[in-house]
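The values are calculated or read from the model by the stated rules, or taken from the named source; none is laboratory data. All of these numbers come straight from a predicted model, not from anything done at the bench. With ideal geometry, Cβ positions are generated from the backbone for all residues, glycine too; neighbour counts draw on all protein chains shown. Keep in mind that these areas ignore ligands, DNA and RNA; they rest on the heavy atoms of the full protein, side chains included. Shrake-Rupley method; radii C 1.70, N 1.55, O 1.52, S 1.80 Å.
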Amino acid sequence: MAKHNSHPGLSPNISEKISPNIVPDASPDASPDTPRDTIPGFFIDVAVSLPVFNTYTYSVPKKFQEVITPGKRVLVPFGRRKITGYVLETATQSQIPGIKDIIDVIDEIPLFPAAMIPFFKWLSDYYIHPLGEVIKEALPGGINVNEQISIHLIPPENRPENPPAARKSLSPVENDILSALAAAPCTLPDLGKKLNREIASSLICKMEKNGLICRRREIKKPMCRQKTERFVKRTKKDAENATLSSPKLKILDALADGAEMAVSELKKSIPTAAAHVRGLAADRFITITEKPVYRDPFGESVAPDQPLNLTLEQEQAVKQVTPTLGQGFHTFLLAGVTGSGKTEVYLHLTARAIKKNLSVLVLVPEIALVSEIERRFRARFGECVAVLHSGLSAGERYDQWLRISNRECPIVIGARSAIFAPLTAIGLIIVDEEHDTSYKQESRFRYNARDMAIVRARQEKAVALLGSATPSVQAVYNAHNQKFAELSLTKRVSAREMPAIHVVDLRQHKGFRGIRRFITMDLQTAIKETLDKNEQVLLFLNRRGFASFPVCAGCGEPLKCKYCDITLTLHQKDNAYKCHLCGYSLPAAAVCGNCGSASIKQLGMGTEKIETVIQTLFPQARVARMDRDTVARKGALVKILKGLRNREIDILIGTQMVAKGHDFPHITLVGIICADLSLSFPDFRAGELTFQVLAQVAGRAGRGSSPGRVLLQTYNPEHFSITAATGHDYMQFYNQEIAFRKAFGYPPFARMIQLKISGRDPKKTAKQAGEIGSLCERLKKDHTDFARWIDVLGPIEAPITKKANRFRWQVLLKSRSVERLHQFVRCLIFDGGLHLSGNPVTVAVDVDPFFLM
């Protein structure tokens, strides 16, 4: 049997309760009270890819003992199933009899270094998430080997001779199931998708009992594998007297120098080569070998560049960080205004780390930025750069992971998931735009890659460098408290001036109708002047789509999502109303669900509507849009960025995607259509988010030789976030924001954990939320320490009460003590019986939540 091992981060009293160190189904002899003899052998500690907090001990048969090492995957029995497990450590003795053997070793080389195992354990402990699922989230998707149950149709000739009476009159659903399975066996979820309905397990059991179908356990092969390619090489056999076709002779001529060549390369000059190489190999004129190859995620090549001359401030920053490389853990906050050359500092420090044989990890907040910064690093360091992000195909991501594992790439660039890159000898971890909320994952394993970067740097004894023009309140607070060393870049490179910001008070434009209320005459005039000078314009609106608030003209009801508690948004190009939370859509010709009227008023606006209006106002201008809709297709983002660089775009319209770290030297005008959209969020960070996005998007102007200017349109010109952004004054914003946080006990003066409760039944969900609230209060009542240190807010309905057909409640837990806060939640789960993955209500634990909606 597999032995349970306790969760590594739990306090002793909790650990004993969830991990009694017994063998499931073992005899009384194996109970924890019975003295045990040490059993020699070869054992491994395994984390399984299931939502369980324990780790398990397995025995390793002799044939696998030479190849088993930490970091490899193994196929293990788990109950009646066979699943993927991750080897954490090995041992040569155990006190548990009857431990199960592993079935197979999946990997030839470890997928992650043993040095990352303490990192995974820390994450599991801090984020209160099963260790196996932490590792599964870290690794490339589609590589695990698991068992699945498939449903097969039993042919009539193989069924019992005396069928049960129940089979004589099948229901329509049963007939549909038999028809679907006649084509091919499938799993229960796939069967439900085929029939477009939910199939009850009890119905499958009934049909199996009646001899109509059977269920079989099968090993599901991984979806992603290493790519291989055929290579051919000329042998010494003479072809002079052989009768060969013209294509075969061309192939032999191409291989005459004796070098090995890929068949794909041969096909470029000889299109039919693939059809002829097998025949040549059969006649022993060539040899064919299959070799692993990497899929290329980069596309076009980049021209090499040379290091730029540093400004005095850049040089000071590089000099301050360089001596700490390879000398233990240090954390720096690089606060530099937009256009101050933070990327060049990153490049110089990376070069110094590489000289010391240290590897470098560079995190950027979004995939949109990866291609930009990856080009800069490849131009400087060549092909020793790997990229990791979710925009890669499964195969490309797997190949990049293997390149890093094989130590072929000492530099890794990627979005938040790149924090798991299997690098060794890390010397420097750079977190660009450290303030960005995109570093927080909001589903499954809810981690913050910025915080994890600091933890990993500490464990690797490396340097963590956090960079931003608008640092997070938390980061500046840590710098002021000497936890981070602060580096400052107060001036733009080449002595360029910060853009002048002109505020347009939209309250003065209430009398205008239609789009004139938002594309004001001030903005129209500025756009015309900029285009006349052959310069580029950036228009920013943090809302995509055409009309964000479609309303029935007959009854006044908005068109709402069927599955979420929000209005739909019209996307004119797709001719559909779409939900931005769950993806539900209706055709643009849809009628009001309340009164049936076909007259729908398209209120509200988004980037698509702005694009349409701008094309009407400036028909000669070349207009492009950059939002999630336009960059969804692979290569679309690179095409837009290339068009900007090559000045093939005059006006770019975009969401916050355009505000993050891009360098557009020919943009001299930034128009912020409405600066207030995020101010009304029911979130204590609303002011911070607003200041950051406004300061960042304003910083896109004037980064070249021509000065820049910004038109900021707002209904709240007196709000401190907007006045601080207008004056490029971060400390003005910080001083007011930190006082608000301190007064109300919000981070960084307290830590928070959010319990997210959701279910399909509103009454059951509300009842479960109430029970969780009562459980929290009971726990506080029973423990004076918790009563003193823990604040319980809720349960309350979430601001968005329904999402993806699940009703949502939340409980917010706050404390000035992170240890007591985590212990409180562990007590809820392991002592109080809080079930995280229940049916029909689930509970998610979100440590350090960012979005409280």
Checklist line | Sites ASP785 and ALA743, calculated FRET efficiency, Cβ-Cβ separation with R0 30 Å, nearest 0.05 | finding: 0.75
Next item on the list: Please give the calculated 222 nm ellipticity per residue for the chain, where each DSSP H segment of at least 4 residues contributes -39500 (n - 2.57) and the sum is spread over every residue; nearest 500 deg cm²/dmol?
Entry: -9000 deg cm²/dmol
Notebook entry, point to check: Roughly speaking, what % of Cα-Cα pairs in segment 723-764 are separated by over 14 Å, rounded to a whole number?
Noted result: 66 percent
Check: Which stretch or stretches of segment 82-123 have amide N atoms under 13 Å from the point lying 7 Å from GLN65's Cα along the Cα→Cβ direction?
Finding: 91-94
Next item on the list: Given the peptides 427-436, 96-105, arrange them by the average over their residues of other C-beta atoms within 10 Å, most packed first.
Entry: 427-436, 96-105
Next item on the list: Wrap a convex hull around the Cα atoms of segment 336-437, take a quarter of its surface area, and give that in square nanometres.
Entry: 6.2 nm²
Checklist line | Difference of contour (0.36 nm per residue) and Cα-Cα distance, VAL263 to PHE684 | finding: 145.6 nm
Check: Based on the alpha-carbon gyration tensor of segment 502-544, what equivalent-ellipsoid semi-axes (square roots of 5 times the eigenvalues) come out, in whole Å, largest first?
Finding: 21, 13, 9
Margin query: For SER494, SER393, give me the order by solvent-accessible area with a 1.4 Å probe, most accessible first, ignoring ligands, DNA and RNA.
Written below: SER494, SER393
Next item on the list: Could you please state how large a percent of the accessible area of segment 678-718 is carbon and sulfur, counting protein chains only and using a 1.4 Å probe?
Entry: 56 percent
Item checked: Share antiparallel - DSSP beta bridges, the chain, percent rounded to 5 -> 60 percent
Notebook entry, point to check: Among 205-218, 454-467, how do they line up from the highest to the lowest mean number of other beta-carbon atoms within 10 Å?
Noted result: 454-467, 205-218
Checklist line | Alpha carbon convex hull of segment 650-801, projected area averaged over orientations, nm² | finding: 12.5 nm²
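Which whole-number value in Å² is the accessible area per residue of the chain, probe 1.4 Å?
Per-residue value: 46 Å².
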Margin query: Counting pairwise Cα distances across segment 336-394, what percent come out greater than 14 angstrom?
Written below: 60 percent
Next item on the list: Starting from the coordinates of the alpha-carbon atoms of segment 618-702, obtain the Kirkwood hydrodynamic radius over all distinct pairs and give the value in Å to one decimal.
Entry: 14.1 Å
Note to self: Keeping all protein chains in the complex and leaving out DNA, RNA and ligands, what accessible area do you get for TYR563 with a 1.4 Å probe, in Å² to the nearest 10?
What the structure shows: 70 Å²
Note to self: Tell me the carbon and sulfur percent of the accessible area for segment 371-479, rounded to whole percent, probe radius 1.4 Å.
What the structure shows: 45 percent
Note to self: Over segment 256-414, what portion of Cα pair distances is larger than 18 Å, expressed as a whole percent?
What the structure shows: 69 percent
Note to self: I want to verify the translational diffusion coefficient of segment 453-550 in µm²/s; compute it with Stokes-Einstein, Rh as the Kirkwood radius over Cα pairs, at 37 °C and 0.692 mPa s.
What the structure shows: 175 µm²/s
Item checked: Unit charges at the beta carbon, dipole of the chain: most positive-side option, THR84, PHE830, LEU334 -> THR84
Margin query: What percent of all Cα-Cα pairs in the chain falls into each 20 Å bin, going from 0 up to the bin containing the maximum distance?
Written below: 12, 39, 37, 12, 1
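What full-extension length gain, to one decimal in nm, is calculated for ALA589 and MET731 as 0.36 nm per residue of separation minus the Cα-Cα distance?
Taking 0.36 nm per residue and subtracting the Cα distance, the gain is 46.1 nm.
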Margin query: So if I take the centroid of the Cα atoms in segment 444-475 and the same for segment 59-112, what is the distance between those two points in Å?
Written below: 33 Å
Next item on the list: Can you send over the carbon and sulfur percentage of the accessible area for segment 524-668, probe radius 1.4 Å, protein chains only?
Entry: 48 percent
Note to self: Sequence gap at least 6, Cα distance under 8 Å: using those rules, report the relative contact order of the chain to the nearest whole percent.
What the structure shows: 9 percent
Checklist line | Over segment 528-575, relative contact order from alpha-carbon pairs under 8 Å, at least 6 apart, % | finding: 31 percent
Margin query: Taking just the alpha-carbon atoms of segment 539-635, what radius of gyration and Dmax come out, in angstrom?
Written below: 14.2, 44
Next item on the list: Quick one: compute the contact order of segment 779-833, relative version, from alpha carbon pairs under 8 angstrom and 6+ residues apart, as a percent.
Entry: 32 percent
Next item on the list: Compute the normalised compactness of segment 783-837: alpha-carbon radius of gyration over 2.2 N^0.38 Å, N being the residue count.
Entry: 1.32
Check: If one puts a single equal scatterer on every Cα of segment 809-853 and applies the Debye formula without solvent, what log₁₀ I(q)/I(0) results at q = 0.20, 0.23, 0.24, 0.29 Å⁻¹?
Finding: -0.75, -0.95, -1.01, -1.23
